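To start, the structure itself, in structure tokens.
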Amino acid sequence: MTEDMDLVRDYARHGSDEAFTALVSRHVNLVYSVALRQLHDVHLAEEVTQATFITLARKARSLGARTVLPAWLCRTAHYTAADALRAQRRRRAREQELQMQSSLTQSEPGPSPWPDIAPLLDTAMAGLGEKDHSAIVLRFFQDKDFQQVGAALGVSENAAKTRVSRAVGKLRRYFLGRGVTCSAAAIAGAIADNAIQAAPASLAKSVAAVAIAKGAVAAGSAFTLSQGALNFMVCTKSQIVIVSAVVISLATLSVIEHQTQATLRAQNALLRQQISRLQAEADGQTKNLAQARRAIHLDMPPTRVPIPPAASATGPVPSELESTNLIARLLKNNETPRLTHDQVAAYLKANGRSAANLLAAYQASGDASLLQEAMQKYPNDPQVDFRAALCQSLSPEQQRQWLNAFEQSAPDNALANYLSALNYFGSGQNALAVQELNAAAGKPQMQDYFMEAQETLEEAYLTAGYSVANAEMIGPAQIQLPQLAAMKQLGQNLVSLANSYQQAGDSTSAQTTLQMAVNLGQNLNDPFLITSLVGLGIQRNALNAMDPARPYGNPGQTVQDAINQLVDQQTTLMNINNQFNSLAPSLSPPDWVSYEQRRTLFGETAAQQWAIGKYAPQ
């Protein structure tokens, strides 16, 4: 990346057209590919490519020496393309735009996930942190090896591998939340194979000419560096031609005029695409409405339901699962090290006092004032709302306010409704609890923010001077999972409600309520062992309340068959876990890093099986 910045400095200091042309030739394919994925129109993609390099020409003097230029160009192209889209669709509400973008993922999946992830990739990339974003661009867009990625980011090769693995995991979770199911390995392969498309042969030459001219005008006229290329994109076509005529040759002018005419022709095609997408959106809404009508609407039984008292949300994970806290048991005195006040202050100074960083600092240090700061500064952040909703130091009224805020900040997250249902059960408002359960049944995801919290915590420990291996070990162990105790209690509440229905003679509602509990347990089918075991336990408790001879599941199967399958799953998971426990102290620091990466990408059980295969006696 040093050669890139040498060329940038050469252009910024000496106005070298050759240096800037070389930069365009190097990166025009990258920028063009980002624009094309978002705009789905070659002519508009060319304009965004042009605007991105104009931004580079204008901002060349302000770029720091450690700037990763491909990542900077990638992000700039994304925002420029997004602005172009907003200019075309300014009459449409933001929610409609997002729904239309989501509808692009409904095409039939092929052997590669690329057709499904391509329309979402740049938005997903824009949501990554700066380091994660740069790691993905360097590794998959620029085809750099891990040593080169590490050198560009100022970290070791192993740290670069960890960074890339985490970033791919974040992309995978983004895609999963939008209905695209594929492995992290498939995502990495698809991006590496398809992310860069060759730009038209003439584009680099015309882009360099216009960008140099525009950059020169901006440096000596009323245009300022802070305006950027977004002003260029919102200009009318006639304004573009007028400004260009003043500063560039007739040859370049003809290129822009050609692009202008082509863009106007393309607008009709874009409108037709929008109509098609809106139709697909309408079809999807119709399907959602049909599902909503089939949602469960239960009448309350005539007697008060004997709901057990709600468990403390901040209490320990159910006792039968404590033995699975593997990392903590590897650390001295069964406790994870806390960060000091000075270490936390240094971490926040280096990384900023964002919502995620404040929560990580709170978990790493136990300083409740950091949680309070996050609650005051970021009341609309879903991770903050999630933590606040489970804070037992709040009054019932305050807890209800944070639960409502959680539902608003994470409208697609079923966990918000489940926690709200538990709160209503605890206060005896069973009808409202059932409404929340019905709402949860129609949500596309159940997210506990475990991965996000783990990654930020690891960053905190790395900043404090811990090694990569130690940070990888401490991060998961430091995470609290109060929602697991809450979900177990909610499952018990549903079984109690079903018993009340049964006593009132409403067997249909009783069975429906028990199935709600089963669905709750199935939603806890998490890549992490402890969550999966809680989910299996909730399912078993619900099925145990049913008639064991009753048909259930596949044809010819009964409730007892389903229970037996759950028992087999639990036994298998615990056997693997116990075998891994006996080998865990033998894992080397590099293998701990590999283990955590595999756990993130493929799940805890798969990671344990890998370690067993490597360390178990043959």
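The values are calculated or read from the model by the stated rules, or taken from the named source; none is laboratory data. Since the model is a prediction, treat every value here as computed from it, not as a measurement. Cβ coordinates were reconstructed from backbone atoms using ideal geometry, including for glycine residues, and neighbour counts include every protein chain displayed.
On the stretch given as segment 140-165, residues that are over 13 Å from Val593 (Cβ atoms) and charged (D, E, K, R) total 3.
Filtered by the rule that a residue be at pLDDT below 85, of a type in the set (Asp, Glu) and assigned to a helix (DSSP H, G or I), segment 415-455 gives Glu452, Glu455. Give me the residue from segment 496-517 that is surrounded by fewer than 23 Cβ atoms within 10 Å (Cβ to Cβ) and of a type in the set (Val, Ile, Thr) and, out of that set, farthest from the chain's Cα centre (by Cα). Result: Thr508. Somewhere in segment 141-155, is a residue buried (at least 20 other Cβ atoms within 10 Å of the Cβ), among the hydrophobic types (A, V, I, L, M, F, W, C), touching a residue at least 40 places away in the same chain (Cβ under 8 Å) and closer than 15 Å to Glu452 by Cα? The answer is no, given that none of the residues of segment 141-155 is buried (at least 20 other Cβ atoms within 10 Å of the Cβ), among the hydrophobic types (A, V, I, L, M, F, W, C), touching a residue at least 40 places away in the same chain (Cβ under 8 Å) and closer than 15 Å to Glu452 by Cα. Of the residues making up segment 153-208, those that are within 18 Å of His78 (Cβ to Cβ), more than 17 Å from the chain's Cα centre (by Cα) and not aliphatic (A, V, I, L, M) are Asn194, Gln197. Residue count for segment 522-561, restricted to those that are part of a loop (DSSP other than H, G, I, E, B) and farther than 18 Å from Ala606 by Cα: 12. In segment 397-411 there is no residue that is under 17 Å from Leu481 (Cα atoms) and assigned to a loop (DSSP other than H, G, I, E, B).
Table: residues versus (1) surrounded by 21 or more Cβ atoms within 10 Å (Cβ to Cβ); (2) within 30 Å of Glu455 (Cβ to Cβ).
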position	(1), (2)
Gly535	yes, yes
Thr558	no, no
Asp568	no, no
Ser582	no, yes
Ala606	no, yes
Ile612	no, yes
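Of the residues making up segment 338-361, those that are under 18 Å from Leu481 (Cα atoms) and surrounded by fewer than 20 Cβ atoms within 10 Å (Cβ to Cβ) number 1.
For segment 178-206, taking the residues that are of a type in the set (S, T, N, Q) and not in a helix (DSSP H, G or I), the one that is nearest to Ser33 (Cα to Cα) is identified as Gln197. The residue of segment 14-44 that is surrounded by the fewest Cβ atoms within 10 Å (Cβ to Cβ), among those that are farther than 14 Å from Val207 by Cα and without any contact (Cβ under 8 Å) to a residue 12 or more places away in the chain, is His14.
Could we say that Ala431 is of a type in the set (Gly, Ala, Ser) and within 26 Å of the chain's Cα centre (by Cα) here? Against the criterion (of a type in the set (Gly, Ala, Ser) and within 26 Å of the chain's Cα centre (by Cα)), Ala431 does not qualify.
When each of Ala545, Ala517 is tested for being of a type in the set (Gly, Ala, Ser) and either farther than 17 Å from Leu422 by Cβ or at pLDDT below 90 (or both), the lone residue that passes is Ala545. The sole residue among Val137, Val155, Val149, Val164 that is part of a loop (DSSP other than H, G, I, E, B) and either out of contact with any Ser or Thr (no Cβ under 8 Å at 6 or more places or on another chain) or charged (D, E, K, R) (or both) is Val155.
Let's see how each residue does on (1) more than 30 Å from Leu497 (Cα to Cα); (2) of a type in the set (Val, Ile, Thr):
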{"position": "Thr531", "(1), (2)": "no, yes"}
{"position": "Gly537", "(1), (2)": "no, no"}
{"position": "Gly556", "(1), (2)": "no, no"}
{"position": "Ile563", "(1), (2)": "no, yes"}
{"position": "Leu566", "(1), (2)": "no, no"}
{"position": "Asn578", "(1), (2)": "yes, no"}
{"position": "Ala584", "(1), (2)": "yes, no"}
{"position": "Arg598", "(1), (2)": "yes, no"}
{"position": "Thr605", "(1), (2)": "yes, yes"}
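Within segment 562-585, residues that are under 24 Å from Val518 (Cβ atoms) and without any contact (Cβ under 8 Å) to a residue 12 or more places away in the chain reach no partner that is assigned to a helix (DSSP H, G or I) and among the charged types (D, E, K, R) with beta carbons closer than 7 Å at six or more positions or on different chains. Collect the residues in segment 504-521 that are part of a helix (DSSP H, G or I) and either out of contact with any helix residue (DSSP H, G or I) (no Cβ under 9 Å at 6 or more places or on another chain) or free of Cβ contacts under 8 Å to residues at least 24 places away in the same chain (or both), keeping them in residue-number order. Correct list: Ser507, Thr508, Ala510. Does Gly179 satisfy being in contact with a Ser or Thr (Cβ under 6 Å, 6 or more places away or on another chain) and over 26 Å from Tyr466 (Cα atoms)? Spelling it out, Gly179 is indeed in contact with a Ser or Thr (Cβ under 6 Å, 6 or more places away or on another chain) and over 26 Å from Tyr466 (Cα atoms). Do the conditions hold for Leu390, that is, is it touching a helix residue (DSSP H, G or I) at 6+ places or on another chain (Cβ under 6 Å), over 25 Å from Leu437 (Cβ atoms), touching a residue at least 24 places away in the same chain (Cβ under 8 Å) and not basic (Lys, Arg)? Answer is no for this residue. Within segment 146-181, the set of residues being under 26 Å from Asp412 (Cα atoms), hydrophobic (A, V, I, L, M, F, W, C) and out of contact with any helix residue (DSSP H, G or I) (no Cβ under 7 Å at 6 or more places or on another chain) comprises just one member, Leu176. Just one of the listed residues (Gly553, Gly475) is surrounded by fewer than 16 Cβ atoms within 10 Å (Cβ to Cβ) and modelled with pLDDT under 90, and it is Gly553.
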